[in-house]
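Some notes on the structure that comes next.
Read-outs: derived from the displayed coordinates by stated rules, not from any lab. All of these numbers come straight from a predicted model, not from anything done at the bench. Positions of Cβ are backbone-derived with ideal geometry, glycine not excepted, and every protein chain shown enters the neighbour counts.
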Amino acid sequence: MADNNLEKSFATLKQTIPLLLKHKISAIPTNYALWYTYVANESPELKTAVDYVIENKLQLSETKTKELYRTYLAETEEVSAWDLRQSVEAMLVELSQSLQDTRSETTSFKETMDTCVDDLAKVEKEGLSVNEVMALVRNLVKDTQNIRRSTISFNAALTEAQKEIAALRGQLEQSQHEALYDALTGLCNRRYFDEELATQSLQPNLCLLLVDLDHFKKINDNYGHVMGDLVLKATAKKLQAGCRDGAQAFRFGGEEFAIIVPNSNLVKARRLAESMRKAIEKIGVKDKRSGEILGDIAASIGVAELTKGMNPLALIEKADKQLYEAKRLGRNRVMPIT
């Protein structure tokens, strides 16, 4: 059985390393674990996600790879973080000391028990007095109480450690999430966008949509920032729902959003932008103070297609120029027209 498992591991290893090289993924432990799991087909969900990327000839960025690991493996794999290492180490030292103390008490208790049993055996053989027997019993009770206190102390330390581990894991997951996602809308953030666009721009047939909510300042001024936040959340939800065929939505900053559209051309990307613009028009947000429904929400969208020799910054600038043109022509429209 062991030989079979070893053989299987070697076979998986032989497939994993070439994949890392092929997709230009750095061979750090998390990336290796991700692709090893993929090759071994130990997670159907992960396999589906990676297969989609491969089949659509998308480029895997480091950030995208981290997200895949966090989504499909972090819950089942042991997660380590350098920032939390000292806290964990301190907790382990404390646990180790408690365990060592308990073992010491246990060893002492065993020795006492052995001695007590030997002494009690003398009761019949040597005819010990009642006082001598009671003294043996008192010593046994005393040592029993000591080991009980020590065991309770260790169990308490273990329970506390489990709570600390849960808290540390929660902090780690939260920090990982915050590093990739916008706190308000739940969309991927600007940092994620920059890295993903840089990676995807290595592939042909890439388009970018820049979405800006029209007259958003008036919404904040007339209804307050709480209502403004609700509008941003509702917009993000509509954009996320409209993404398909590998398109991905990001919070670009303020009231601006970005959509990376792989495997597309200007015509298809503009069609997607138009459907998103219409979806935003249907947004209605209720003001809890007055009960009024805030409608008439609109957005201008600039669309750009990656052309040969164009870098990510140039693609953003091109989409931004189209967005500016949409604003100049009256807002609530997609540019270019054709």
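Here region 186-272 is treated with +1 on each Lys and Arg Cβ and -1 on each Asp and Glu Cβ, and its dipole about the Cα centre works out to around 280 debye. Peptides 232-241, 19-28 ranked from most to least packed, by the mean per-residue count of other Cβ atoms within 10 Å: 232-241, 19-28.
Remark: spin-label model distance K47-S9 equals 2.2 nm, labels positioned 7 Å along the Cα→Cβ axis. A298 to K57: FRET efficiency via 1/(1 + (r/R0)^6), r the Cβ-Cβ distance, R0 35 Å, to the nearest 0.05? Given R0 = 35 Å and the Cβ-Cβ separation, E is 0.50.
Sort largest first and round to whole Å: the equivalent ellipsoid semi-axes of region 226-320, each the square root of five times a Cα gyration tensor eigenvalue.
29, 13, 10
Estimated at 0.36 nm per residue, the fully extended path between A198 and L184 surpasses their Cα-Cα distance by 2.6 nm. For region 221-261, the residues whose amide N sits under 18 Å from a probe point set 7 Å from the Cα of K286 along the beta carbon direction are 226-235.
With r as the distance between the Cβ atoms of L19 and E317 and R0 = 41 Å, compute the FRET efficiency 1/(1 + (r/R0)^6) and round to 0.05. Approximately 0.70, to the nearest 0.05.
Using alpha-carbon positions, what is the distance between the centroids of region 197-240 and region 293-322, in Å? Here the two parts' Cα centres lie 11 Å apart.
The radius of gyration of the Cα set in region 268-325, together with its Dmax, comes out at 16.1, 53 angstrom.
Take 206-212, 249-255 and order them by the average number of nearby Cβ atoms within 10 Å per residue, most first; the result is 206-212, 249-255.
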